[in-house]
1. Quick check, is GLU60 surrounded by 11 or more Cβ atoms within 10 Å (Cβ to Cβ), at pLDDT 85 or above and acidic (Asp, Glu)?
2. If you go through segment 36-49 one residue at a time, do you hit one that is at pLDDT below 75 and touching a Pro at 6+ places or on another chain (Cβ under 6 Å)?
3. Please pick out the residue among ALA7, ALA24 that is modelled with pLDDT under 85, within 20 Å of the chain's Cα centre (by Cα), closer than 23 Å to VAL163 by Cα and open to solvent by less than 70 Å² (accessible area, probe 1.4 Å).
4. PRO103 - would you say it is of a type outside the set (Val, Ile, Thr), more than 25 Å from ALA24 (Cβ to Cβ), surrounded by fewer than 15 Cβ atoms within 10 Å (Cβ to Cβ) and modelled with pLDDT of 65 or more?
5. Name the one entry in PHE82, PHE118 that is modelled with pLDDT of 75 or more, touching a strand residue (DSSP E or B) at 6+ places or on another chain (Cβ under 9 Å) and either at positive phi or loosely packed, with under 14 Cβ neighbours inside 10 Å (or both).
6. For segment 85-98, check the following and say yes or no: at least one residue is acidic (Asp, Glu), part of a loop (DSSP other than H, G, I, E, B) and modelled with pLDDT under 90.
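The values are calculated or read from the model by the stated rules, or taken from the named source; none is laboratory data. Owing to the predicted nature of the structure, the values given are computational and were not obtained by experimental measurement. We place every Cβ from the backbone using ideal geometry, glycine too, and count neighbours over all the protein chains shown. Note: areas computed on protein heavy atoms with side chains; ligands, DNA, RNA excluded. Shrake-Rupley method; radii C 1.70, N 1.55, O 1.52, S 1.80 Å.
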Amino acid sequence: MPRSVNARITKFPGAMGPTSREDAAGAVLNYDDKIVVVDFFSWDPLPWLETWDISAYGTEGLMQSCPSPSSYRIYDKGNRGFPEGWTEWSETSFPINWASRRPCTRRNSLKSATPVFFDRELATFSQFHPHGGTDRDPATQALNISTLIEALFASSKNAGAEVTL
């Protein structure tokens, strides 16, 4: 978790329409030894997130990822216990879009057409916890993410003021 955050989050009705739930955001995550800057300011013409590329750059390496189909490329300089060089992984198959047009129980919501994503996460979580093991992504991670998002919106509500976590 960062020590504190600053953020600006807004909607642009002219870009996505007045009823859009999409936000545009810029955030700074402040750590004791670094800052991480995150931006989400544009939309592509394709449905939902099929074409997103997510990249993170650091002094010891970089990560490039795509959620649909799931894939990643990681480069590590090899200075922190990981081998130097590239590591790559990709889904072997991805026949359908993320968003489904099937009816959903929530008003104005799209249903996932790929529940396999959630099945995989639940299976991993279930594999460890009933047997006393520890998952590499513990349940507290969900709380941390929710706390972080709440702090980002609180910062934005106060014109981007720093919010301590």
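1. yes
2. Looking through segment 36-49, at least one residue is at pLDDT below 75 and touching a Pro at 6+ places or on another chain (Cβ under 6 Å).
3. Going through ALA7, ALA24 in turn, the sole match is ALA24.
4. When the stated conditions are applied, PRO103 does not pass them.
5. When all the criteria are applied, what remains is PHE82.
6. Yes: one or more hits.
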